[in-house]
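As structure tokens, the structure follows; a few thoughts come after it.
FYI, it's all coordinate maths here, none of it is from the lab. Everything quoted here is computed from the prediction, not taken from an experiment. Glycine also receives a Cβ, built like all others from the backbone with ideal geometry; neighbour counts cover every protein chain displayed.
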Ligand code: ITT
Ligand code: NA
């Protein structure tokens, strides 16, 4: 059985391989990323919700490949910014990544722009949440969605080198470390992506087992 991860973000693929590891063993799944289908164009993210964008990405890839596809749309919602950058987390500084710019460079621009925008916000008002929508699309048109969150605080400067994106400035509630100081296993255990895709496991099982 093959399942396509409808993402070109290698960090997401790495985390999803761990989060879905037991299911992969149980169902003898072959997980491949969208990079395995270079002929399929990247889907523009034109929706205003994480679930809407994840649905666009999953449905397009399932239709193009004839293989079940699961997408992750995710981002950081900063309370004092009214939930921004939100669905614009990957394009907050205007740089798009992909062919234009390596993702790591794009992500560094986005992170520093965010820190500048909330530079005057005091510590007690720097609450934020990472949000992840997971959407499964079957080639026959069936679609199912789950969501996950993790709550925390935005620091004033990056700390740590693990993870990706905004991880070095995000300190989960109840800890003193940033997500970039977590091991992969520790991050997956509490993250928005871990929570969304653990909720997706029974859904995947139901749809992939005939
Ligand atoms: P795909 O659309 O190909 O999946 P992408 O990286 O463009 O890849 P999104 O559109 O979902 O993915 O954008 C996610 C943004 O939110 C991006 O800027 C990330 O840096 C950030 N983000 C999402 N999950 C994160 C995490 O676990 N840690 C840090 N930043 C994260
Ligand atoms: Na997005």
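List 166, 37, 182 from most exposed to least, where exposure is judged by having the fewest other Cβ atoms within 10 Å.
Fewest-to-most Cβ neighbours within 10 Å comes out as 37, 182, 166.
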- Note on the structure: A student applying the Cα gyration tensor rule (rounded when a/c is under 1.5; otherwise prolate if a/b is larger than b/c, oblate if not) would label the range 107-188 prolate
- Please tell me the relative contact order of the range 87-148 in percent, rounded to the nearest whole number, where contacts are Cα pairs under 8 Å and at least six residues apart. 21
- Item | Residue order, fewest to most surrounding Cβ atoms within 10 angstrom, among 176, 121 | 176, 121
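Of the DSSP beta bridges with both residues in the range 2-208, give the percent that are antiparallel, rounding to the nearest 5.
Antiparallel bridges: around 80 percent, rounded to the nearest 5.
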- Task: Would you compute the Debye intensity of the range 28-74 from its alpha-carbon atoms alone, equal scatterers and no solvent, and pass along log10 I(q)/I(0) at q = 0.17, 0.28 Å⁻¹ to two decimals?
- Result: -0.48, -1.10
- Item | the chain, helix-only ellipticity at 222 nm - DSSP H runs n ≥ 4, -39,500 (n - 2.57), divided by all residues, nearest 500 | -10500 deg cm²/dmol
- Computed over the chain: longest principal axis from alpha-carbon atoms vs helix 50-65 long axis, angle to nearest 10 degrees, is 30
- Query: For 89, 74, what's the fewest-to-most ordering of other Cβ within 10 Å of each Cβ?
  - Reply: 89, 74
- Query: What distance in nm separates the simple spin-label points at residue 161 and residue 124, each placed 7 Å from Cα in the Cβ direction?
  - Reply: 3.7
- Query: Over the range 2-208, one equal point on each Cα, no solvent: what is log10 I(q)/I(0) by the Debye formula at q = 0.08, 0.10 Å⁻¹?
  - Reply: -0.26, -0.41
